[in-house]
Amino acid sequence: MTEPFASYHRKLPDLAGQLASRGSLGVLVFDFSPLSVIEDQYGSRTYQEVRDQLFKLVAENQGKAFRSKDIPALDEARGLRLILFADHRRDALPMLQSDVRVLRQRLASDLVPRLARIALPYLKSLPRIDVGQGLAIYNPIMHPARQIARAVQEAIRYGAVRRQVEEFETLEKLQEVILTERIMTAFQPIVGIEDRKILGYEALTRGGDVANPQMADALFSIAQEHRLLVELDRLCRRKALLSSKRLPPDAKIFINTLPVTIRDPEFQGKHLIKFLEQARVSPQRIVIEITEKLVIENYSLFQDAMSYFTELGMSLAVDDVGAGYSGLETIARLTPAYLKIDMALVRDVHASTVNQQMVGAIIALGHGIGAKVIAEGIQTEDELRTLVSLGVDYGQGYLIGRPGLTP
């Protein structure tokens, strides 16, 4: 299949002419290598379709986001890097690094996010597309091909260094969030599916300025990348329990946690008793919530540690049940007090026979082991009515109540 952009080596005569006549040539390198996983997972045809959409969008922006005289090319045939050779907007002046920087910043904030979104049907999150910058300065002694290749490598190194710097800056901000406890806890109600009587509230982390995450998933993703998951999880658990003072005194408090953190020595023995007294929370109100995936992957660790908390009066909830890990037997052996149905099964459950059957199976399992079943992510009356008819015990979601700093 013909590529819309040729390798820059085939355009060397034009590039050399621009370099000689202008005295310099700006270079921007867009690194599309994170998209190569699409070919690994979905095959070359799908990957080629994504590439075609990427390059179509680039071509459509020639003369808009960047000049019509600028030259787009690839680093090599079917390459994973798109190179933009940029000329100065004022013909009488050579291009400077400051000019290249302005162009890079504009394209990184405007064009790059649109390019990244093309991969979303196949990737779970927006891929990071690094953009590096370089500058070739005309030297009549050196062959133009070497000058241009050197500028391309300079731009690639710039992009890699910039990524490292941003990662360190993000790490610093995350460390500050943890050490200064700059997070807040929002509470989302969990109610009886029919009578709307409050069972309890799930504690959800909010706040922190690391990449402006508003949801716990974003904050924990950053923490996982920088190996600070346990530190963040301990903080979230502590803040959630201290913040629960503003909840009704008889409401359950559902606390998300990681398997390893339940072995935290400061969440056991005298430390735990003292802390719960400070938070004014009885153990009987606390429901430790862990995802189905983590339960299955850490079964032995979790089973041993969890027995200590259940003996104190705490309960166990397994979250995201039915998310695709097929661990219902493992879950049953833990005898949790609550099963929380993954919201993907709840979405449009009224219109999906398959989802209804899966929800029904989870309800049968839960009731068979003496557990109550909670449906998460309820958004519509149709979903609610179907869940009631299937026999779900409790519900949670925007239709019932949005997370808030106060109940």
Positive-end residue of P140, L107, I71, charge dipole of segment 62-150 with Cβ unit charges: L107
DSSP-defined antiparallel bridges as percent of all bridges, segment 181-395, nearest 5: 30
Furthest towards positive pole of dipole, V354, I331, S315, structure part segment 296-367, Cβ charges: V354
Shape category assigned to segment 1-41 from the gyration tensor of Cα positions, a/c cut at 1.5: oblate
Beta bridges per DSSP with both ends in segment 1-137, % antiparallel, nearest 5: 90
Relative contact order [Cα under 8 Å, 6+ residues apart], the chain, whole percent: 13
Hypothetical label at V37: residues of segment 125-139 whose amide nitrogen lies under 20 Å (7 Å Cα-Cβ projection): 125-131
Among P248, V37, P127 the positive-end extreme of the charge dipole of the chain (Cβ point charges): P127
Potential extension, N298-R101 segment - 0.36 nm per residue separation minus Cα distance: 66.1 nm
Segment A20-R67, length gained on full extension (0.36 nm per residue, minus Cα span): 15.0 nm
Angle in degrees between helix 353-368 and the longest Cα principal axis of the chain, rounded to the nearest 10: 40
Cα long-axis angle, helix 269-279 against the chain (0 to 90 degrees, to the nearest 10): 90
Prolate/oblate/rounded call for segment 330-407, Cα gyration tensor, a/c under 1.5 rounded: oblate
Distant-in-sequence amide H partners of V373 (H built 1.01 Å from N, under 5 Å): L339, D393, Y394
Sites A6 and R196 - FRET efficiency at Förster radius 56 Å, r taken between beta-carbons, to 0.05: 0.30
Per-residue Cβ neighbour rank within 10 angstrom, fewest leading, S300, S7: S300, S7
Interchain or long-range residues, amide H under 5 Å from I190's placed H: L199, G200, Y201, E202
Per-pair calculated FRET efficiency, R0 = 25 Å: L123 and L399 via Cβ, rounded to 0.05: 0.25
Amide N of segment 235-259 lying under 15 Å from the label point, which is placed 7 angstrom from the Cα of E266 along Cα→Cβ: 235-242
Rounded tilt (10° steps) of 216-225 against the dominant C-alpha axis of the chain: 60
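Bear in mind that the values in this text are calculations on the coordinates, not laboratory data. Small disclaimer: the values here were computed from a predicted structure and weren't measured. No Cβ is skipped: glycine too gets one built from the backbone with ideal geometry, and neighbour counts run over all protein chains shown.
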